[in-house]
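The values are calculated or read from the model by the stated rules, or taken from the named source; none is laboratory data. As the structure is a prediction and not an experimental result, all values here were calculated from the model. Backbone-built Cβ (ideal geometry, glycine too); neighbour counts: all protein chains shown. Calculation scope for accessible area: heavy atoms of the full protein, side chains included, ligands and nucleic acids excluded. Shrake-Rupley method; radii C 1.70, N 1.55, O 1.52, S 1.80 Å.
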Amino acid sequence: MIFGRWRQALTLATRDYFHEWQISVCFVLALAAVLGPMMVLFGLKFGIVGSMIDELRQDPAKREIRPVGSGHYDRAWIETLARRRDVAFVVPRVRAIAATMDVGSNHAGRILQLEVIPSANGDPLLPAGTPPPSGMRQVVLSASAARKLQVSAGDGLDGSLERRYLGRRERVHLPLTVVGVVPARYFSRDALFASVQLTEALEDFRDGHQVPALGWRGSRAGQRHYTGFRLYARSIYDVAGLEAAFEKSGVKVHTQAADIELVRRMDRTLSAIYWAIALIGLTGFSLSLGASLWANVDRKRRELAVLRLVGFRTGEIVWFPLAQSVYTAVLGWALAVVIYRAAAWGINLMLAPQLDAAQQVCRLLPFHYGVALALTLTASVTAALLAGLRAARVEPSEGLREL
Amino acid sequence: MVLHDQSLPIYELKEVVKSREAEGYGFRLRVPALRIFPGEKIALIGESGCGKSTLLDMLAFVLQPTSCDTFRFQVEKRPQDIAKAWKRHRLNRLADLRRRHLGYVMQTGGLLPYLTVRENMSLSRRVLGMKDDGTVDSLARELGLQRHLNKLPGELSTGERQRVAIGRALAHHPAIVIADEPTASVDPFAAEKIMSLFMEMVEARNITVIVASHAWRHIKRLGLRRLSHHTRRSGDGQMAETVVNG
Ligand SMILES: Nc1ncnc2c1ncn2[C@@H]1O[C@H](COP(=O)(O)OP(=O)(O)OP(=O)(O)O)[C@@H](O)[C@H]1O
Ligand SMILES: [Mg+2]
């Protein structure tokens, strides 16, 4: 029975809302006019900063930490680095002049001298699905090297290298298999990625040491030292900390920390600006929504008084403005979403030539739409509830004779 | 409806006072003693501004008395202490009494503009959860509104709207109908017709009725009991007091 009167109050509110559709449309427009631009603003902030951060995150080069000059590192030290939680990937590097190889293929007439880069499982430069080079025979090529040699994954290569040994020039050949190609956007130069083991073999050969696994002759190698390493931080946020740690232990490194910091500072600045605008906007928005809903309840006093005259209770009367404010909130929000979508589409279209295919300048997640709806509902329900309670609390005779 | 002992008054008021103040001008309505019995037809006649609406609103539990010794209302077995309900701010109790026992015809329709005539007339029934049993249709026939049942109030003449309001006040079979100048906004000829129709209808349904009007002429013919009242003004015209007895 009581439930029945709630439902009746809801029905009456709905009838009234659509009967007075011109006024309802005005309320919805007023709401959307404030909410829509706010959503565009947030979409821009989120889209711009978001795509910059994404770029930072997706580009492994931003996480790379390179030692400056050549040092003197042993395997144990590299292994302690590998165990650090903020390090995603680290392999030792041999002397740069030793880490080269002449590579030819059946398809290309030219022999390329390629820089040989040590790689291993988990190398961020290897795209997902590409197996890391392992052993003495498997290699991964950079895209430009693969193009010049006209090979792709699965093809064979002929690697060779030369040394002066016992006063004579000596060249050895090494048949290789291409197991993968690193895309150009990750690595643009000509290069060959090989296992650490193979880079060590190249250095040993050039130093006149023996490499039994490949049948290369020479003296016995002594304790090995590396002159550098390839290291990637787990995330862009770990770069600054790692850099500081290296500097403290006396290793000068080169990082993208400055770039990362720039973007993060921009994020903070844009966020601060956005929140300042949003706060002002939200306050204005709540006030205007509250004021219009409050005024609406005031305008409805006579009709609410009639409902009270026929015996609706306070709690049931409140449903009337409440339901109408929910209609306004939901319809206004929906219109704001339409406005936002149109604006975002326009902005993204306008800036599309400057952007990658996947990038969007103006972007919102479904979660953001949800937050906007929740905020709108909260503000409008609060206003309507307060106004409705006030209307239901005064004597019913007040309002009855208005007009 | 289980009607109680006919000899007990529906309304019993003692020393009920309503004071109103507006911009230095004061108005006071005092009811030293008033009893209204079941089935009575009461008329409250007086010039504009003498306090008719004020009294009717108090009798309809929509206006709180400034002070009162006794304000009892009894339709069912248990007497209801209206004075106490107001003092304790039991607005929902009063709403329940209004819903079940009262019909109210206002000076100006008081119809909901977004409901059709039929829905407006059914409103008082719907809030009581009463099923549609043809009452509204027969009321509409009596009031000459059959043609208008599916119109909105905005499409009716003032007199038609007034008749819809009468229909709404009667549709849920209330024990009491209060009418505040139900014909004030229509021409005298129509007023007389509507008033006679209204009185016929309440008579036929044995409803207690309280009507306010400033025209005694035709009310007298309808056989209503007139409440005695007189209005005094202070010398400077700043204060007016109406005393109603009956
Ligand atoms: N809300 C109010 N606040 C202050 N004074 C009021 C209020 N309503 C009415 N009054 C005053 O109370 C007095 C009685 O008003 P009331 O409406 O009861 O008169 P009435 O007899 O119904 O008049 P009418 O025949 O014109 O309807 C008037 O003098 C009026 O000015
Ligand atoms: Mg009046």
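Assuming B:ALA43 fulfils every condition listed in (1) more than 16 Å from ligand 2 (Cβ to nearest atom); (2) within 29 Å of B:MET199 (Cα to Cα); (3) in a strand (DSSP E or B) apart from one, which condition is it?
(1)
Of the numbered conditions (1) more than 8 Å from chain A (Cβ to nearest Cβ); (2) within 23 Å of B:VAL186 (Cα to Cα); (3) not in a helix (DSSP H, G or I), B:LEU112 satisfies every one except a single condition; which is it?
In the conditions (1) more than 8 Å from chain A (Cβ to nearest Cβ); (2) within 23 Å of B:VAL186 (Cα to Cα); (3) not in a helix (DSSP H, G or I), B:LEU112 misses (1) alone.
Residues that are on the phi > 0 side of the Ramachandran plot and not in a helix (DSSP H, G or I): does segment A:49-70 have at least one?
Scanning segment A:49-70, I find at least one residue that is on the phi > 0 side of the Ramachandran plot and not in a helix (DSSP H, G or I), so the answer is yes.
Are any residues in segment A:252-264 at pLDDT 90 or above and not hydroxyl-bearing (Ser, Thr, Tyr), and if so, which ones?
Applying the first criterion (at pLDDT 90 or above) to segment A:252-264 yields A:252-255.
Hits for segment A:252-264 are A:LYS252, A:VAL253, A:HIS254.
Under 6 Å between Cβ atoms, at least 6 apart or on separate chains: pull out the pairs that start in segment B:48-67 with a residue that is part of a helix (DSSP H, G or I) and end on any residue that is of a type in the set (A, V, I, L, M, F, W, C) and near ligand 2 (Cβ under 9 Å from one of its atoms).
That search, which allows pairs on different chains as well, returns B:LYS52/B:ALA212; B:LEU56/B:ALA212.
Failed condition for B:ARG100, given (1) in a helix (DSSP H, G or I); (2) more than 9 Å from chain A (Cβ to nearest Cβ); (3) open to solvent by 60 Å² or more (accessible area, probe 1.4 Å), with all others met?
Evaluating B:ARG100 over (1) in a helix (DSSP H, G or I); (2) more than 9 Å from chain A (Cβ to nearest Cβ); (3) open to solvent by 60 Å² or more (accessible area, probe 1.4 Å) leaves (2) as the failure.
This table checks each residue for (1) under 38 Å from the mean Cα position of the chain (by Cα); (2) within 30 Å of A:GLU261 (Cβ to Cβ); (3) not assigned by TED's automatic domain parsing to the domain that holds A:VAL178.
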position	(1), (2), (3)
A:VAL196	yes, no, no
A:GLU200	yes, no, no
A:VAL211	no, no, no
A:ARG220	no, no, yes
A:ARG230	yes, yes, yes
A:ARG234	yes, yes, yes
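Among the residues of segment B:196-217, is any assigned to a helix (DSSP H, G or I), more than 18 Å from the chain's Cα centre (by Cα) and away from ligand 1 (no atom under 16 Å from the Cβ)?
Checked against the condition, which is being assigned to a helix (DSSP H, G or I), more than 18 Å from the chain's Cα centre (by Cα) and away from ligand 1 (no atom under 16 Å from the Cβ), segment B:196-217 yields no hits at all.
Just name the residue that is surrounded by the most Cβ atoms within 10 Å (Cβ to Cβ) out of those in segment B:68-88 that are of a type in the set (Lys, Arg) and part of a loop (DSSP other than H, G, I, E, B).
Going through the qualifying residues, I end up with B:ARG88.
Just name the residue that is surrounded by the fewest Cβ atoms within 10 Å (Cβ to Cβ) out of those in segment B:159-188 that are within 16 Å of ligand 1 (Cβ to nearest atom) and closer than 11 Å to B:LEU111 by Cβ.
So the first thing to find is which residues in segment B:159-188 are within 16 Å of ligand 1 (Cβ to nearest atom), and the list is B:162, B:165, B:178-186, B:188.
Among the residues that remain, those that are also closer than 11 Å to B:LEU111 by Cβ are: B:162, B:165.
On the way: B:GLN162: 30, B:ALA165: 25.
This residue is B:ALA165.
Confirm whether A:GLY104 is in the same structural domain as A:GLY180 (by TED's automatic domain parsing) and open to solvent by 20 Å² or more (accessible area, probe 1.4 Å).
Against the criterion (in the same structural domain as A:GLY180 (by TED's automatic domain parsing) and open to solvent by 20 Å² or more (accessible area, probe 1.4 Å)), A:GLY104 does not qualify.
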